[in-house]
Structures are given as C-alpha cells and as structure tokens.
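The values are calculated or read from the model by the stated rules, or taken from the named source; none is laboratory data. The structure displayed is predicted, hence computed values, not measured ones. Note: ideal-geometry Cβ built from the backbone for every residue, glycine included; neighbour counts use all protein chains shown. The area values use the complete protein model at the heavy-atom level, side chains included, leaving out ligands, DNA and RNA. Shrake-Rupley method; radii C 1.70, N 1.55, O 1.52, S 1.80 Å.
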Amino acid sequence: MAASLSANRGLLGTSFYGAWGSSISGDDYHTMLAPPQQARVPRKAIRAQPMMKNVNEGKGLFAPLVVVTRNIVGKKRFNQLRGKAIALHSQVITEFCKSIGADAKQRQGLIRLAKKNGERLGFLA
C-alpha cells in the first residue's frame, strides 16, 4: 500500500477521500470536523442571601429568656421591641457621651461595645 503525504490526499491516498466524496461535500466535511458550538445562555448572577444570624445564638446568660419571649410574642413583634430597646439604649449612650464631652468616634465605640456585650450576654439570641 503506497501512502501519499501530499496535502490534498492525506496519508491514505485517494481511496479514502473517494469513499467520502460522494456523500459529504467539502463544506459539510469541514463543519463536521469543527468542534460543536455551545449555545451561550446568559446566566443571571446568583447571590447568596445575606445571613443575619447571630453566631452566639443560644449562648449567653439571657439567651433562653430571649428565645422564650420571642416564641411567645412572635418574631415580628419581638424584632420591633428589640429595635426600640436598641434605639433607646443608643440614645442613653449618646446622652452619656454628651454629658462627659466624648466625641462621635468615642460614642460609636461605646455603641459597638454595647452590641458585643449584648451578644455575649445572649440579648441578641
């Protein structure tokens, strides 16, 4: 078997292309060799929902009391009461800072400290 290395005939000579030439035209042959095209579907960016969960949930001295109160009052009403309590406490801290002459940065630090203490004690369970 004589193999030709010409660019037109390939390794197998004319008998290989002759068998295919009758059923596949030149344009079809090149599209058959090309890798298949994948349909591009625009993807919607998937974002994870932010988790507003307390890492100390169930921990702390007052956590059981907070959980029982939330179950009795209901989650929506409980969150409203908690928000009012936090706002009132922030006002008390602000008034305290005014009375001692602390600046806004020190006031913000005290509010953050109050939040950390509330988490440790279980008020934010």
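Tabulated results
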read-out	value
Local net charge near residue 102, Cβ-Cβ under 14 Å (Lys/Arg +1, Asp/Glu -1)	+2
Solvent-free Debye scattering, log10 I(q)/I(0), computed from the Cα coordinates of segment 62-121 at q = 0.16, 0.18 Å⁻¹	-0.60, -0.71
Carbon and sulfur %, accessible surface of segment 62-121 computed with the full protein complex present, 1.4 Å	62 percent
Probe 1.4 Å, accessible area per residue of segment 62-121, Å²	77 Å²
Per-residue SASA entry for residue 86, accessible area with 1.4 Å probe, Å² rounded to 10	90 Å²
